[in-house]
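The values are calculated or read from the model by the stated rules, or taken from the named source; none is laboratory data. Please read these numbers as outputs of a predicted model, since none were measured by experiment. Ideal geometry is used to build each Cβ from the backbone, glycine not excepted, and the neighbour counts take in all protein chains shown.
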Amino acid sequence: MRFTWFCSAANVCSLISMPREKPWIFRTYAGHSSAAASNALYRANLAKGQTGLSVAFDLPTQTGYDSDHALARGEVGKVGVPISHLGDMRTLFDGLPLDRMNTSMTINAPAMWLLALYVALADEQGVPRTALQGTTQNDIVKEYLARGTHIFPPEPSLRLTTDTIAFACAEIPKWNPINLCSYHLQEAGAEPVEEAAFALSAAIAVLDAARAQIPRDGFPGAVGRISFFVNSGVRFITEICKLRAMEQVWNEIARDRYGVENPKLRLFRYGVQVNSLGLTEQQPENNVYRILFGMLGVTLSKRARGRAVQLPAWNEALGLPRPWDQQWSLRLQQIAAFETDLLEYEDIFDGSHVIEAKTEQLAAQIRAEMLRIAELGGAASQTGLEYMKERLVASNTARLEAIERGDELRVGVNAYVDTEPSPLATAKANFVTVDPRSEEEQIARLQAWRATRDRNGAATSLAALESAAASGENLMPASIACAKAGVTTGEWAAILRKIFGEYRAPTGVAVQGPARNDERIMALKAEVDAVSSRLGRRLSLLVAKPGLDGHSNGAEQIAIRARDAGMAVVYEGIRMSPADIVAAVETHRPHVIGLSILSGSHVSLVREVLDGLRAAGLGEVKVVAGGIIPAADEKVLKSAGVEAVFSPKDYDVNAILHEVIALIHS
C-alpha cells in the first residue's frame, strides 16, 4: 500500500514538473576607477560564473562631459567607469569576445554615443553587427523624474532615443535599444502602481515617437525589442503581482495600441536590480535577507520571471562594495538557480485566487494611472513630467514619515535595534576605494588621445554630426563615424548641447505645501518660529546638490520638511557647481547650507564650496553635509569646517532638522 502511494505521488510529480529551465542571466552592476580596472573586475566576475556584463559609467560620462571638464572634478571613476573615447572602450572590453557577450550599459542621455562606441569597436574587431547582444538603458523619462543624468530637453531626447531604436532594429537586431527603467522610480519612492504606470507610459511615449521612423512591416519587431528594467523590494508577494500585472497590461498595449499579432513580440521582457532603497546602514548584515526576498519577487513566478537579475551587495549603504561582496550576491543567484528546484516547475501561482485578485487589482489601477498621464499630455510632456515628479516626491514623503512614526517597521532601524557587533561591518578593508590618482591618470590618457588622433578627421566628423542634428536625419551613423574618428564623449555631447540646448527637470518640491498638523512637525515649527524671532528674520536653509550627482531624493525630503516646519527654503535642483552655490548664498543669504552628495565626491566638492564661501566673505554661513559618507571622511569634512554630517542611518528627518536648528544657537 505504501509502495502504491509512493508511485502515485511520483506520477503526479512527473505531471507537474518539467525539464530544468535555463536560468536567467546573472549580472553584477560594476565599473570604477578606469577602463583597465573595470576590465579586470569583469574578467574576475565572469570567471566566478557571472553570465552577463552590466556596465556602470561614471557621472561625467553619464552627463556628457570629458574627464578633464571642470564639472567632472572629483567625480571621475567614482560611481562607474570613465569612457571618454574609443580607446577607453577598447580597454574596457579587452579580451572579451563581443560576439559572445551579453552587455548591458546603464546609460541614458548619451546612450546613442556609448552604443556608437560599442558598434565602432565591434566593426574594428570584425564582429558582425548582427551578432551583438545586449541592452542600452536609454530611458530619459526616468532621468527627469528620478536619477537626474539628463542633458537635453524632452523632444530632442526622444529623437536620440528613437534614432537609436530605428538603427538597432535595422542593423543590430539582437540588441535591446531601450530598457524602460522603473528601477529608479521605486528608489525615488514610487508605489507599485506608480512604478508600473510611469514606466509603461514612458514606453508608449517612445513607441509613438518611433513609429514615424520604422517601416510599418518592421514595427512589430521594434515593439518586440522593447525591454524593461524593474525594481523588486522585500514585499515579494506584491512584487510578483506587480510584475504579472505589468505583463498583462504590456500585452494589451502591444496588441491593442500597436497591432502586434505575434504573441512572442508582445512578451513582457525585463531585467531587474533588486531594491537598494531598503538597505540599511544599521545592522547591514540583515540586508542579505532583504536582497533574498527581493530576488524571490522576480524569480518565483515563471510567467513574470526576469530575463536578467542583478543584486546589490549587503553593504551598499556603507560604501563601494568589494569584489567579495559582489561575489556573495552572485552566489545567491547561483544557489537559487542550481541548488533549488525553482526552475523545474511551471508557474506555481497560476490558479491562486490571492495572486490573481491582487494582480487584477494592480492592473486596473495601473490602467487608470496611465489614462491620467495620457490626459495630461503623456509621459514626455512638461505637464506629465511635473505631475509624475510631484507624485514620486509625495509618495517618498509618506514612506519616510511612516518609518519615522514606526508605522512601517525596519528591523535594526526603528525596531529590534539592540544588536551584537557585526564581524562583517567591523572588519578591516570593508570597501573598495578609488585611488585619487586614477582621475589624474584618466585625464592624462585623455589628453594624450586628443594629441595623437587625426585632428582634421575628428573635426570633420563633428561637423557632420552637427549638420545631421540640425537637419533631422538619424544621428547614429554620424555618431559611429565620430567614434571611429577619435571624437570624445564631451565633444559629441557639446555639439548636441549647441543644437538642442540643456534642460532642468522639475524638482517636485512646491514653493508652499499644505498646512501640516502632525505633532512632531508642529513642535519643529514652534522651534523654527522661536529662532526666527530671535534672528529678526525667517530662519533660512539653502539645500544644494553640488557636482553631477542626480540622486535628489534626500535633498527633496529635507527641503519639504524644512518648508513644512516654517523655514525659508531655497532648493534649485541638481547639478550646481560650487560657484553656483556661492552665488546662491550671496543672493539668498541663508543661515545654513545643506549639501547633499551621494556620488562619493563629498570631500573634494565640499572643500571647494567652503573655499568659495570664504573667498566671497561668506565664511560665517553654517554648512552641513549628507550622503553615503564613511566615518573617516566625516572627520575630514568636520576638520574642513562642516558643522554636521548625516548618513543613511539618520533616517529621522525631524531629528536632522532639530540638529540643524541647534547650530544657529551655537
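For every residue, the table says whether it meets (1) polar (S, T, N, Q); (2) without any contact (Cβ under 8 Å) to a residue 24 or more places away in the chain.
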residue: Leu185; (1), (2): no, no
residue: Ala190; (1), (2): no, no
residue: Val193; (1), (2): no, no
residue: Gln213; (1), (2): yes, no
residue: Asp217; (1), (2): no, yes
Identify, please: which residue in segment 632-655 is of a type in the set (Asp, Glu) and without any contact (Cβ under 8 Å) to a residue 60 or more places away in the chain and is, among those, surrounded by the fewest Cβ atoms within 10 Å (Cβ to Cβ)?
Asp650
Within segment 455-495, tally of residues that are among the β-branched types (Val, Ile, Thr) and surrounded by fewer than 16 Cβ atoms within 10 Å (Cβ to Cβ)
1
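Condition check ((1) out of contact with any strand residue (DSSP E or B) (no Cβ under 7 Å at 6 or more places or on another chain); (2) in a helix (DSSP H, G or I); (3) over 22 Å from Gly278 (Cβ atoms)) across all residues:
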site: Glu360; (1), (2), (3): yes, yes, yes
site: Ala363; (1), (2), (3): yes, yes, yes
site: Arg367; (1), (2), (3): yes, yes, yes
site: Met370; (1), (2), (3): yes, yes, yes
site: Ala374; (1), (2), (3): yes, yes, yes
site: Gly378; (1), (2), (3): yes, no, yes
site: Leu385; (1), (2), (3): yes, yes, yes
site: Ser395; (1), (2), (3): yes, yes, no
site: Glu401; (1), (2), (3): yes, yes, no
Checked Arg269, Arg290 against criteria (in contact (Cβ under 8 Å) with a residue 12 or more places away in the chain, surrounded by fewer than 19 Cβ atoms within 10 Å (Cβ to Cβ) and within 24 Å of Thr106 (Cα to Cα)); the one match is Arg269
Answer with yes or no whether Ile172 is in contact with a Ser or Thr (Cβ under 8 Å, 6 or more places away or on another chain) and either surrounded by fewer than 24 Cβ atoms within 10 Å (Cβ to Cβ) or more than 21 Å from Ser301 (Cα to Cα) (or both).
yes
Look through segment 39-59, keep the residues that are over 21 Å from Val274 (Cβ atoms) and either without any contact (Cβ under 8 Å) to a residue 40 or more places away in the chain or assigned to a loop (DSSP other than H, G, I, E, B) (or both), and return whichever of them is nearest to the chain's Cα centre (by Cα).
Asp58
Against the condition without any contact (Cβ under 8 Å) to a residue 40 or more places away in the chain, surrounded by fewer than 21 Cβ atoms within 10 Å (Cβ to Cβ) and not aromatic (Phe, Trp, Tyr), how does Arg331 come out, does it pass?
yes
Among residues of segment 368-380 being within 10 Å of Val193 (Cβ to Cβ) and of a type outside the set (Asp, Glu), the residue surrounded by the most Cβ atoms within 10 Å (Cβ to Cβ) is Met370
Answer yes or no: is there a residue in segment 205-218 that is under 25 Å from Val119 (Cβ atoms), modelled with pLDDT under 95, small (Gly, Ala, Ser) and not in a helix (DSSP H, G or I).
yes
Criterion first (in the same structural domain as Gly566 (by TED's automatic domain parsing), in a loop (DSSP other than H, G, I, E, B) and touching a helix residue (DSSP H, G or I) at 6+ places or on another chain (Cβ under 7 Å)) does Ile629 satisfy it?
yes
Provide a single number: the residues in segment 20-38 that are out of contact with any strand residue (DSSP E or B) (no Cβ under 9 Å at 6 or more places or on another chain) and either part of a helix (DSSP H, G or I) or under 14 Å from Leu311 (Cα atoms) (or both).
1
Checking Glu195 against (1) part of a loop (DSSP other than H, G, I, E, B); (2) touching a strand residue (DSSP E or B) at 6+ places or on another chain (Cβ under 8 Å), the condition it does not meet:
(1)
May I ask you to verify whether Lys302 is in contact (Cβ under 8 Å) with a residue 40 or more places away in the chain and farther than 30 Å from Ala209 by Cα?
yes
Within segment 61-95, of all residues that are small (Gly, Ala, Ser) and part of a loop (DSSP other than H, G, I, E, B), the one nearest to the chain's Cα centre (by Cα) is Gly80
Please pick out the residue among Ala146, Ala205 that is crowded, with 23+ Cβ neighbours inside 10 Å, touching a Gly at 6+ places or on another chain (Cβ under 6 Å) and touching a residue at least 12 places away in the same chain (Cβ under 8 Å).
Ala205
Modelled with pLDDT of 95 or more, among the aliphatic types (A, V, I, L, M) and surrounded by fewer than 19 Cβ atoms within 10 Å (Cβ to Cβ): which single residue out of Val354, Val417 fits that description?
Val354
Using the structure shown, decide if Glu439 is over 30 Å from Gly77 (Cα atoms), buried (at least 16 other Cβ atoms within 10 Å of the Cβ), within 29 Å of the chain's Cα centre (by Cα) and charged (D, E, K, R).
no
Within the group Ile495, Ile558, which residue is among the hydrophobic types (A, V, I, L, M, F, W, C) and in contact with an Asp or Glu (Cβ under 8 Å, 6 or more places away or on another chain)?
Ile495
Going residue by residue through segment 58-65, is there one that turns out to be modelled with pLDDT of 90 or more, acidic (Asp, Glu) and closer than 18 Å to Ser601 by Cβ?
yes
Selected residue (criterion: nearest to Val309 (Cα to Cα)) from residues of segment 56-87 that are crowded, with 23+ Cβ neighbours inside 10 Å and among the β-branched types (Val, Ile, Thr):
Val81
Being part of a helix (DSSP H, G or I) and surrounded by fewer than 24 Cβ atoms within 10 Å (Cβ to Cβ), is that true of even one residue in segment 183-191?
yes
Would you confirm whether or not segment 96-113 contains a residue that is acidic (Asp, Glu), assigned by TED's automatic domain parsing to the domain that holds Leu53, part of a loop (DSSP other than H, G, I, E, B) and surrounded by fewer than 22 Cβ atoms within 10 Å (Cβ to Cβ)?
yes
Looking only at residues that are in a loop (DSSP other than H, G, I, E, B), hydrophobic (A, V, I, L, M, F, W, C) and in contact with a Pro (Cβ under 8 Å, 6 or more places away or on another chain) in segment 307-358, which one is nearest to Asn102 (Cα to Cα)?
Ala313
